[in-house]
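The block underneath contains the structure these notes are about, expressed in structure tokens.
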Amino acid sequence: MDPLMPPPIRRIALDVEPHVAPARPTPIANGSAAPVAAHAKLRRPAAQTTERMHIDSVSLAYGENWVVRDVTLPVRQGEVLALIGASGSGKTTLLRSLNRLTEITAGAARTGRITLDGRDIYELEVNDLRRRVSMVFQQPNPFPMSIYDNVAYALAEQAPPRGRRRRRTPELEQAAETALRRAGLFDEVAGDLSRSALRLSGGQQQRLCIARALAASPEVLLLDEPCSALDPISTATIEELIVDLRESVAIVIVTHNLQQAFRVADHVAFMHLGELVEYGSSEQVFNHPDRQRTRDYISGAFG
Amino acid sequence: MRRMPVLQRGRAGAATDRRAELTLGLLAGVVLVLIAAMVVTVLVKAWPSFSYNGLSWFGSGGDVDTQLRVMRESTPLPGHGLLYFRAWPLIWGTLLTTIIAVGLGLVVSTFAAIFITEFAPGWLRRTLDPVIRLLAAVPSVIYGLIGILALAPWINEHLISNSRKQSVIYVVQLNGTDLATATLILMVMILPIMVAISANALAAVPASWREGSAALGVNRWRTIWRVSLRTAWPAIAAATVLATARALGEAVMLAMVSGSRGFAANPLDGLTFLFEPVRPLAASILQESEGLTIGPLAHTIYAMGAVLLVSATMLSLAGWAAKQPLKRYGIRA
Amino acid sequence: MAAGSSMLPAAAMRPPRERSSSWPLVDRLCYGLCWATGIGLCLIATAIVIFMLVKGIAYLRPSLFVSSPAPSLHQSQSGGFSDPIIGTLIVTAIGTVIAAPLGVAIATWLSEFARPAWLARAVESAIEMLAGVPSIVLAIFGLLILSQGFLSFLSQGAAQGSLGESFFDAGIVMSLLALPLVVGSTREALGQLPDRLREASYALGKTRSTTSRHVLLPAVRPGIASGIVLGMGRIIGDTAIVTILLGSTLKNEPVGHVPLLGTLRGTGSTLTSYVYNNSPAGEGNAHEKAYAAAFVLLMIVLALNATVTHLVNRGQAPRERRRLFLPGRLMGGSR
């Protein structure tokens with residue numbers, strides 16, 4: 001077995017019970033320690049978690065189709081929650097409902113309750129909510145502005161203090177630098193923040209989008225398949241970033257890449273055709289799934 | 001220009017193609033020659049007026065209407081030849097009407113375009129499409145008719161007080177056909193072009209940026225202002241250039257509505273300034289058109305035409321330059 | 001935790017749209033301005049149509065269509081506008097007959113041949129420039145050329161050279177107005193044709209000219225048609241060229257005794273110059289007739305406009321119809 005590869009999770013379904021690899025990869029005597037250490041780091045549990053959002057029996061529909069049915073999940077700061085499932089399982093819709101982005105589409109309807117720090121998100125002002133629950137999309141979408149303007153965008157557009165709104169105040173610059181550091185991008189771009197953001201590479205652009213989302217100090221960060229458009233090295237960088245961030249921000253990530261979910265998540269929710277099939281810690285879901293359907297998905301029987 | 005595929009043809013085929021290419025190419029060349037001839041002949045016919053007056057042709061000095069009358073009646077003013085002409089009041093009138101109409105039109109059309117792409121409910125958006133087409137299709141003489149028979153009298157009655165008329169009575173008569181009326185109608189005439197191009201450009205802004213901005217908690221208006229407008233401004237610039245060319249060349253409506261005096265409206269008059277008559281270049285040409293057979297008057301009129309032609313060409317160039325950044329987003333405008 | 005069979009509650013709540021009431025004041029003002037301009041445009045258009053409708057119906061009589069203009073002391077009672085209507089038709093016909101084939105030919109050359117490259121670029125720029133030239137400048141240029149002596153067969157002789165004012169003359173210059181529209185429309189339509197059409201034809205050994213004539217142009221008929229109709233609209237609505245190149249006689253005065261040719265060589269008027277002359281800006285000052293003629297003119301132009309929209313919609317795939325305004329498809333630009 002190649003020591004650099006994570007343990008195989010997917011197997012072709014056979015008549016026998018699929019053998020799913022153990023939680024921790026066995027260290028190989030003559031292999032380098034780095035991969036093992038990396039895995040060990042990724043899987044270190046957080047010290048403590050606080051529940052930030054609660055999804056309570058939520059169902060979502062577009063027009064006549066119920067896309068998400070009766071899902072209940074907690075979202076906690078200090079851990080990463082991964083939503084996994086095949087296409088059409090409703091995981092992206094559920095993610096987008098957390099910051100009310102589903103409202104943009106006409107004909108969206110919902111039942112159930114989603115709370116942020118105890119308050120129903122539909123009672124909050126929507127822009128206020130979206131600053132507290134930020135989102136990063138699948139395709140990096142930096143605005144056609146400078147790097148600084150991108151990162152400071154959300155902050156600059158909030159209600160300005162008395163007097164003219166200026167784009168380069170010391171507070172904004174400080175906040176931008178903090179966000180860029182949290183996203184691990186500051187060192188690479190510190191030289192010239194007024195460069196156009198469109199000139200960055202794909203991985204850098206996505207990190208810029210993460211920095212942009214972090215600039216307003218959100219409580220929850222939503223990631224919609226953030227690495228699917230990126231090369232493996234950028235992916236690895238962003239995954240490290242995610243793990244680092246989880247202590248300060250609650251993170252929900254949608255991914256169709258099971259290995260990524262395994263690397264990054266603390267809790268996993270498996271959805272199928274809009275229903276929540278199984279929810280538990282990632283060790284439990286990947287190694288001892290309760291439901292047959294989960295087992296099938298993880299072993300690659302469908303997807 | 002599309003890259004042409006290389007053709008293998010038989011000799012007969014090659015001959016037909018060459019014939020067709022020659023014929024069509026010649027036709028195109030004829031049109032090219034015609035347009036070049038237009039520029040040359042107008043400039044040549046205009047030359048005597050320019051050479052007599054020099055650069056002061058564009059300056060001010062005396063009353064334009066008197067100078068034109070002098071040419072018509074061949075009774076030269078003392079100390080000047082028949083070709084004496086100072087076009088500044090006409091040029092000033094052209095600048096005023098064009099700049100104010102385009103400026104107002106830019107603001108109104110931007111808001112209208114934003115409304116159409118972002119805020120309008122579906123039924124209203126579908127109504128605005130034929131509305132804009134209608135405004136574009138109305139002939140300028142009908143705009144002029146409405147202006148001179150409905151708008152000007154209304155302005156005369158309700159907006160120009162008697163005391164205001166008295167204050168300038170020794171210089172000029174205020175009767176409702178003036179700068180304000182002309183500019184208002186001109187703005188309505190150029191709105192359709194600007195709204196159409198701006199709305200298309202705004203709609204072409206990638207949805208990922210709008211969605212990204214919404215997800216960051218920025219309200220819809222601010223999203224448009226900071227992201228969409230910033231992306232679409234080359235199109236808006238191109239639309240403005242087109243609108244300016246249109247406003248510059250408008251002759252009929254302005255001849256009917258802007259007042260028939262070659263008078264340089266004076267901004268120092270305060271609010272009265274808006275109600276003073278002007279007469280832009282194109283309208284002047286139209287109104288003096290009977291004099292195209294009289295020598296000096298003809299040269300002067302062609303000189304005015306030359307100024308318009310050169311301005312239109314420069315605007316054409318500017319418009320081409322403004323459209324270049326658009327290709328980045330694949331916006332056809 | 002999976003749901004079993006889902007009998008979901010029927011009363012699902014539709015989420016509220018973003019309320020602008022929570023925005024800062026400046027943003028709300030701008031939002032209000034947007035609404036104001038949108039509604040304002042509708043109001044202006046409605047006002048124009050209703051105003052012309054009211055005045056037109058008030059002053060329009062059937063007799064106006066069939067009687068010629070007759071000068072008299074009581075201008076508002078005498079004569080009609082049959083001559084101007086015929087004049088409009090003639091000028092539009094001449095202009096279109098010249099501009100349509102010429103425009104299609106140029107567009108085809110630009111799209112399919114375009115060699116030598118410098119010539120193609122020059123022609124393109126020239127056509128674009130032509131689109132931006134004010135019609136009054138075109139008119140005085142036309143007069144200059146057409147009043148040369150050797151062109152007097154188009155109008156009539158005069159003291160120096162020829163008169164330079166006739167239906168022929170006006171029609172010829174009008175074609176320059178319509179030309180850019182036809183060229184633009186045809187070129188755009190040709191550009192939208194997929195290359196495989198051309199490749200298929202060339203692969204069969206057909207020449208470029210045959211391909212253009214038998215394959216491409218028939219395929220873009222709606223585009224050509226809409227370009228021609230757009231050009232017609234511009235011609236019908238133009239006043240400046242008519243005023244300068246058609247003479248300003250009330251009735252259509254033929255020259256010589258050959259029936260059709262005489263009329264075409266003669267002077268006359270069109271609806272636009274009729275409206276202009278009868279308005280306070282012209283000599284007539286019979287605004288009732290001006291309103292009536294303007295109403296007829298407006299109806300013609302709107303009918304043409306509707307035809308263009310219909311043609312364009314028919315030629316486009318249903319998905320294209322969602323585009324807000326097809327650029328270049330706006331009628332007008334008449335001066």
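The values are calculated or read from the model by the stated rules, or taken from the named source; none is laboratory data. If you're wondering where the values come from, they're calculated on a predicted model, not measured in any experiment. Positions of Cβ are backbone-derived with ideal geometry, glycine not excepted, and every protein chain shown enters the neighbour counts.
Which one of the conditions (1) surrounded by fewer than 24 Cβ atoms within 10 Å (Cβ to Cβ); (2) within 10 Å of another protein chain (Cβ to nearest Cβ) does residue B:199 fail to meet, given that it meets all the rest?
(1)
I need a count of the residues in segment A:258-278 that are modelled with pLDDT of 90 or more and either touching a Pro at 6+ places or on another chain (Cβ under 9 Å) or among the β-branched types (Val, Ile, Thr) (or both).
The total comes to 7.
Within segment C:210-267, work out how many residues are within 11 Å of chain B (Cβ to nearest Cβ) and farther than 24 Å from residue C:170 by Cβ.
Of the residues in segment C:210-267, 4 are within 11 Å of chain B (Cβ to nearest Cβ) and farther than 24 Å from residue C:170 by Cβ.
Which of the helices (runs of 4 or more DSSP H) contained wholly in segment A:185-256 include at least 1 residues that are surrounded by fewer than 23 Cβ atoms within 10 Å (Cβ to Cβ), touching a helix residue (DSSP H, G or I) at 6+ places or on another chain (Cβ under 7 Å) and charged (D, E, K, R)?
A:186-189, A:232-245
Could you identify the single residue in B:284, B:260 that is assigned to a loop (DSSP other than H, G, I, E, B), within 10 Å of chain C (Cβ to nearest Cβ) and either under 19 Å from residue C:281 (Cβ atoms) or charged (D, E, K, R) (or both)?
Answer to the check: B:260.
Could you list all residues from segment C:130-160 that are more than 10 Å from chain B (Cβ to nearest Cβ) and either surrounded by fewer than 18 Cβ atoms within 10 Å (Cβ to Cβ) or out of contact with any Asp or Glu (no Cβ under 7 Å at 6 or more places or on another chain) (or both)?
Matches in segment C:130-160: C:148, C:149, C:150, C:151, C:152, C:153, C:156, C:157.
What are the residues in segment B:205-229 that are within 7 Å of another protein chain (Cβ to nearest Cβ) and among the aliphatic types (A, V, I, L, M), if any?
Answer for segment B:205-229, where residues must be within 7 Å of another protein chain (Cβ to nearest Cβ) and among the aliphatic types (A, V, I, L, M): B:214, B:215, B:216, B:218, B:227.
Listed residues C:98, C:90, C:127, C:94; which is facing another protein chain (nearest Cβ under 9 Å) and of a type in the set (Val, Ile, Thr)?
That would be C:127, the only listed residue that is facing another protein chain (nearest Cβ under 9 Å) and of a type in the set (Val, Ile, Thr).
Considering segment A:61-91 alone, what residues qualify as being buried (at least 20 other Cβ atoms within 10 Å of the Cβ) and among the hydroxyl-bearing types (Ser, Thr, Tyr)?
Within segment A:61-91, just A:89 meets the criteria.
Would you confirm whether any residue within segment A:112-124 is among the β-branched types (Val, Ile, Thr), within 14 Å of another protein chain (Cβ to nearest Cβ), assigned to a loop (DSSP other than H, G, I, E, B) and more than 18 Å from the chain's Cα centre (by Cα)?
Checked against the condition, which is being among the β-branched types (Val, Ile, Thr), within 14 Å of another protein chain (Cβ to nearest Cβ), assigned to a loop (DSSP other than H, G, I, E, B) and more than 18 Å from the chain's Cα centre (by Cα), segment A:112-124 yields at least one hit.
For residue B:238, all conditions in the list (1) touching a Lys or Arg at 6+ places or on another chain (Cβ under 6 Å); (2) facing chain C (nearest Cβ under 8 Å) hold save one; what is the number of the exception?
Going through the list (1) touching a Lys or Arg at 6+ places or on another chain (Cβ under 6 Å); (2) facing chain C (nearest Cβ under 8 Å), residue B:238 breaks only (2).
Restricting attention to segment B:96-118, does a residue exist that is within 14 Å of chain C (Cβ to nearest Cβ), under 27 Å from residue C:302 (Cα atoms) and at pLDDT below 90?
no
Pull out all pairs, ordered by first then second residue, where Cβ-Cβ is under 7 Å, the residues are six or more apart or on different chains, the first lies in segment B:134-155 and is of a type in the set (S, T, N, Q), and the second is in a helix (DSSP H, G or I).
Listed pairs, sorted by first residue: B:140/B:189; B:140/B:252; B:140/B:253.
Please enumerate the residues belonging to segment B:33-64 that are among the charged types (D, E, K, R) and more than 9 Å from chain C (Cβ to nearest Cβ).
B:63
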